[in-house]
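Working notes for the structure below.
The values are calculated or read from the model by the stated rules, or taken from the named source; none is laboratory data. Quick caveat: nothing in here was measured; it's all calculated off a predicted structure. Cβ sites come from the backbone with ideal geometry, for glycine too, and all protein chains shown count toward neighbours.
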Amino acid sequence: MPTESGHDASRWDKAFFGHPLGLSTLFFTEMWERFSYYGMRALLILFMTATVQHGGLGFPTSRAGAVYGMYTALAYLATLPGGWVADNICGQRKAVLWGGILIAIGEYCLAFPRIQTFYAGLAIIIFGTGLLKPNISTMVGALYSAEDKRRDSGFSIFYMGINMGALLSPLVCGYLGENYDWHYGFLAAGIGMTLGVIQYSLGGRYLGNAGLTHVGTPAEAAMFRKVMMITGGVVAAVAVASASGLITVSAEGLSDIFGVSLFLVVAIFFGWLLTSKSFAAERKRFLAIFVLFIAAALFWSAFEQAGSTLNLFAERNTNLHAWDFPLWGLFRASYFQSFNSLFMVFGLAPLFAWLWIRLGKKEPTSTAKFSIGLLFVGLGFAILIPVASANAVSPWWLTLTYLLHTVGELCLSPVGLSAMTKLAPARAMGMVMGVWFLATSVGNFIGGRLASVYESFPLPALFGIVAGFCIVLSVILLFLIKPMKNLSEGVN
């Protein structure tokens, strides 16, 4: 068994494409987790809007968009308590393990054709994602010292694992779900996560000390148990009251309440971070994190429409038959969900990983990279404006959109992950990674709610508003590059 000292430490430090061998364990774990998530997500809004006669739930787009937005937002919002649990209760390594197990269970629940197991499965996946997502990224950062120049490159390689899973899953899960039975697609997603859990358990010996430490106290653990008991009690009370008819709860109403609550969480959380005496020494860095948070939230509100408005656009406004081919059969809307990862895995991710190292001292700052990312995601929607009101448009329009979005994602997402690990104090690393995913939560919620108005709002105006906001913020960030350097205190 390899050790973390002497000759073996040096040997394993560059065993995975010049990176620590532990990166391979986290790479494949995240690959299977993303296979599970994106495979299910590719089907989710299509399954909800499909008629009951075609095996779907028969939801109108207003309800489907509300459920989609609330589910995807909650999955990332759960990373905040998930990061805290790892920091204070069990450590990142156990959090990732239990998160993967819960995700697999949730996907298996979706494989049963019952509305009760559908909602139960979504809830279980939310809890599992909350435990796994922030902590596996934190463990990637823990594989490198603060001075290690390979860190950004390592996150880019890790991000390639994400996209390998996201590339395969819509093709596998989408093929099974749209051609045979929706629930077969969800079952395949569960099997993928199960493989990820097995791989993670077997590869744990290569992780060294990453993810083993936590700084919690018995008092904090007791407080967490009380919070969970109160939360569980409130949820149970609402469920009983709804089932008995005492109160009427709609998906749209819940989504509205959740949206208000989500933005209150953001305001309260950052208000606490920026005023807390406990973090007075890191206040400037937390202000820099807040600026990146706003940029990331708007970016994800556009980018994550891949599973909502762009998925509906693929199904309802795109000529899918233009790309039918004999061996695979009919081209399906869910297959477009693989395009982003197709571009990334076969060229763009390795190119960007090489580019940041090649530029050396000329490498753009994180703020500049965020600006570029917002510009490209905005352009991806801008090019759809001329054809947004047409029917049976060429699939090449969406293909170009996903290509532009992929360039934007590579300028922002892995860079943002790396920036969080560098800006965060060690005692709050898991929590700060949760902050990063909170931005994704806000973006997913907005992206899901935009799908709710797909049938009632002119698409050219909808796409134009999204493009305009992204491009304007991109320009604003260019003027903030120098102030952000001061706030970041030397962190690029």
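Cys411 is checked against (1) buried (at least 21 other Cβ atoms within 10 Å of the Cβ); (2) of a type outside the set (A, V, I, L, M); (3) under 20 Å from Phe299 (Cβ atoms); (4) in contact (Cβ under 8 Å) with a residue 60 or more places away in the chain and fails just one. What number does that condition carry? Only one criterion is unmet by Cys411, namely (4). Of the set (1) in contact (Cβ under 8 Å) with a residue 24 or more places away in the chain; (2) part of a helix (DSSP H, G or I), all apply to Arg283 but (1).
Results for (1) modelled with pLDDT of 90 or more; (2) surrounded by fewer than 18 Cβ atoms within 10 Å (Cβ to Cβ); (3) within 16 Å of Gly100 (Cβ to Cβ), shown as yes or no for each residue.
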{"position": "Ile162", "(1), (2), (3)": "no, no, yes"}
{"position": "Cys173", "(1), (2), (3)": "yes, no, no"}
{"position": "His183", "(1), (2), (3)": "yes, no, no"}
{"position": "Phe186", "(1), (2), (3)": "yes, no, no"}
{"position": "Gly190", "(1), (2), (3)": "yes, no, yes"}
{"position": "Thr194", "(1), (2), (3)": "yes, no, yes"}
{"position": "Gln199", "(1), (2), (3)": "yes, no, yes"}
{"position": "Arg205", "(1), (2), (3)": "no, yes, no"}
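Only one of the listed residues (Val453, Val393) is closer than 29 Å to Gly253 by Cβ, over 14 Å from the mean Cα position of the chain (by Cα) and surrounded by fewer than 22 Cβ atoms within 10 Å (Cβ to Cβ). That residue is Val453.
Let me confirm something: among Ala120, Ala166, which residue is buried (at least 24 other Cβ atoms within 10 Å of the Cβ) and either in contact with a helix residue (DSSP H, G or I) (Cβ under 8 Å, 6 or more places away or on another chain) or of a type in the set (Val, Ile, Thr) (or both)?
Values: Ala120 fails: buried (at least 24 other Cβ atoms within 10 Å of the Cβ).
So the residue among Ala120, Ala166 that is buried (at least 24 other Cβ atoms within 10 Å of the Cβ) and either in contact with a helix residue (DSSP H, G or I) (Cβ under 8 Å, 6 or more places away or on another chain) or of a type in the set (Val, Ile, Thr) (or both) is Ala166.
Within the range 397-441, the only residue that satisfies the criterion of being in contact with a Ser or Thr (Cβ under 7 Å, 6 or more places away or on another chain) and modelled with pLDDT of 90 or more is Leu398. When Glu252, Glu282, Glu304 are checked against the criterion of being more than 21 Å from Met70 (Cβ to Cβ) and of a type in the set (D, E, K, R), a single residue qualifies: Glu282.
In the range 30-138, counting only helices (runs of 4 or more DSSP H) that sit wholly within it, the ones holding 3 or more residues that are at pLDDT 90 or above and more than 25 Å from Leu171 (Cβ to Cβ) span 61-77, 92-110.
Annotation note: Cβ proximity below 7 Å between a residue of the range 435-450 that is free of Cβ contacts under 8 Å to residues at least 12 places away in the same chain and a residue that is of a type in the set (Asp, Glu) (sequence gap 6+ or interchain) occurs for no pair. Here is the figure for the range 46-59: residues that are among the β-branched types (Val, Ile, Thr) and in contact (Cβ under 8 Å) with a residue 12 or more places away in the chain total 1. Against the list (1) more than 14 Å from the chain's Cα centre (by Cα); (2) more than 30 Å from Gly58 (Cβ to Cβ), the condition Leu132 fails is (1).
A quick yes/no check of all residues on (1) touching a residue at least 12 places away in the same chain (Cβ under 8 Å); (2) over 20 Å from the mean Cα position of the chain (by Cα):
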residue: Trp272; (1), (2): no, yes
residue: Ala295; (1), (2): yes, no
residue: Leu330; (1), (2): yes, yes
residue: Val345; (1), (2): yes, no
residue: Pro364; (1), (2): no, yes
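Selection of first residues in the range 16-45 that are closer than 29 Å to Leu310 by Cβ and of second residues that are of a type in the set (Asp, Glu), restricted to Cβ pairs under 6 Å at least 6 apart or on distinct chains, gives the following pairs, ordered by first then second residue: Ser36/Glu107.
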